[in-house]
1. Take peptides 61-68, 84-91, 39-46 and line them up by average Cβ neighbours within 10 Å, highest first, as a rough protection proxy.
2. Using amide H atoms built 1.01 Å from N in the peptide plane, name the residues 5+ places from A71, or on other chains, whose amide H lies under 5 Å from its own.
3. Once Lys and Arg get +1 and Asp and Glu get -1 on their Cβ, which of L40, T69, S51 lies farthest toward the positive end of the dipole of segment 35-92?
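Just so it is clear, none of the values below were taken in a lab; they were calculated from the coordinates. Everything numeric in this text was worked out from a predicted model, so none of it was measured. Here the Cβ is made from the backbone with ideal geometry for all residues, glycine too, and neighbour counts use every protein chain on show.
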Amino acid sequence: MTATAFEHHVAHAYVDPYAADLTDGHRPALADPYQDTDYLLAPPDPAERLSYTIDPRDRHRLDLHAALTTAGIPPRPEDRDAIDQLSALPAGINATLQRWLHHSA
């Protein structure tokens, strides 16, 4: 660590990350030896899930956005009114629209 004096005559300490000489093959020891290893996460606990429901119209809107995007037709901002109107249709019609989009992809 070196100190540098600036115009204000205050010493500021800084660490040069490139000052370490790693050409000898020595790597500095990590504080936690398992820090850079990969591991699997534990499966989610169903008891810890949030308990709220999504309005069917909102669910239809999300599903329609996903179906359009999967079919290669990403919705544009100007498509919002059409998607809102389609989301208000009954679940059977919404499922049919999604099926058509799924088969067109």
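1. 61-68, 84-91, 39-46
2. Here nothing satisfies the definition.
3. Positive-most Cα among the choices belongs to T69.
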